[in-house]
Amino acid sequence: MTYGKVLLLFTLFALIISSTCYARDLTDVKTKAKSSIKSITSYLNPRKLKLRSSSAMVMDQGNGRILFRRGVDKPRPIASITKLMTAMVVLDADLEMGRKITITKADKDRKRYSRSRLRFGTALTRSELLQLALMASENRAASALARTYPGGSKAFVRAMNRKARSIGMMRSRFADPTGLDSRNMATAVDLAKMVKAAYGYDSIRKYTTKPWSLLFTKRKIMKFNNTNRLVRKDNWDIGLSKTGFISDAGYCLVMQANISDRPVLIILLNSWGKLSKFGDANRIKKWLQGAEKRMLHDKLKTASTS
């Protein structure tokens, strides 16, 4: 091999090594920038986040740091957010999920006379009822799950309150499994604990983020949609969600989502209008993404001059 060829090979090898090291260093800078919670808090300006929810909280799921808070310590009615607790109690009981359960008149809403698409006499598996309660917020489904719990509905509500205490929800209480009872109350801080606990259940993550589902009954095929329209958006990465509404609670939304590679918990209570909770979630997403971009830009700028 001639001297010229040896020199050329050596030069190419040096360029490859140099490019690899640069790419690795750049990746390290990006990773460190994204993982630094202390850094992102300095880029977050709570005054610029204009929300229409009376109570709101954003928490970094990885370390529990609260990134935004407003009215988080006041217990409020939580409406159908309740059904996350209902689901955990059902799953903790290790009941037969394939067992058929019939919707009866005992499952009728006699508090607010809300509508239901599940007719009396409809027989569904416990798993199907759980899915409808979480995804479509079906009140009769939640009622039937509690009614067929060992000891009945009263024992179920006691189990809900025991579960709440066990995960640290000390300023919360539950009076029914559907959320129609305004005595179901919690603080935003406690709801973050509930969402974090519920995230540990595969079925809850699956059912609360399913965009829609078909239900086959003897009479017809029915399509049920998720009450959270954001799960059908490609620009959202949602791991768990639940909506809720009664007049006493206003419009509510809780979610686990990944925003700019950061897992966060979002709690929104008593929003002004039907769509405001979704608007608030999008505003939070934009707020966090903006902070992440500014933080990463400064990190890369610092690295390039050092």
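The values are calculated or read from the model by the stated rules, or taken from the named source; none is laboratory data. Note that the structure is predicted; figures quoted are calculated from it, not measured. Please note: Cβ atoms are built from the backbone with ideal geometry, for glycine as well, and neighbour counts cover all protein chains shown.
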Notebook entry, point to check: From the residues in the stretch 252-305 that are within 24 Å of Leu180 (Cα to Cα) and among the basic types (Lys, Arg), which one is nearest to the chain's Cα centre (by Cα)?
Noted result: Lys277
Notebook entry, point to check: Before we move on, is Thr82 assigned to a helix (DSSP H, G or I), buried (at least 24 other Cβ atoms within 10 Å of the Cβ), touching a strand residue (DSSP E or B) at 6+ places or on another chain (Cβ under 9 Å) and among the polar types (S, T, N, Q)?
Noted result: yes
Margin query: Filter the stretch 268-291 down to the residues that are more than 15 Å from Phe68 (Cα to Cα), touching a residue at least 60 places away in the same chain (Cβ under 8 Å) and in a helix (DSSP H, G or I) and list them by number.
Written below: Ser276, Lys277, Gly279
Note to self: Can you pull out every residue in the stretch 252-261 that is over 20 Å from Tyr201 (Cα atoms), in contact (Cβ under 8 Å) with a residue 60 or more places away in the chain and assigned to a strand (DSSP E or B)?
What the structure shows: Cys252
Item checked: Selection status of Leu145, crowded, with 24+ Cβ neighbours inside 10 Å, in contact (Cβ under 8 Å) with a residue 40 or more places away in the chain and either of a type in the set (A, V, I, L, M, F, W, C) or over 26 Å from Val189 (Cα atoms) (or both) -> yes
Notebook entry, point to check: So which residues in the stretch 175-189 are under 20 Å from the mean Cα position of the chain (by Cα) and not β-branched (Val, Ile, Thr), if there are any at all?
Noted result: Pro177, Gly179, Asn184, Met185, Ala186, Ala188
Next item on the list: Please identify the pairs in which a residue from the stretch 173-200 that is part of a loop (DSSP other than H, G, I, E, B) has its Cβ atom under 6 Å from the Cβ atom of a residue that is charged (D, E, K, R) and surrounded by 19 or more Cβ atoms within 10 Å (Cβ to Cβ), counting only partners at least 6 apart or on another chain.
Entry: Ala175/Asp181
Note to self: Return the residues of the stretch 221-231 that are modelled with pLDDT of 95 or more and either exposed (fewer than 13 other Cβ atoms within 10 Å of the Cβ) or acidic (Asp, Glu) (or both); say none if nothing qualifies.
What the structure shows: Lys223
Item checked: Flag for Ser213 being surrounded by 13 or more Cβ atoms within 10 Å (Cβ to Cβ) and either under 28 Å from Ile40 (Cα atoms) or aliphatic (A, V, I, L, M) (or both) -> no
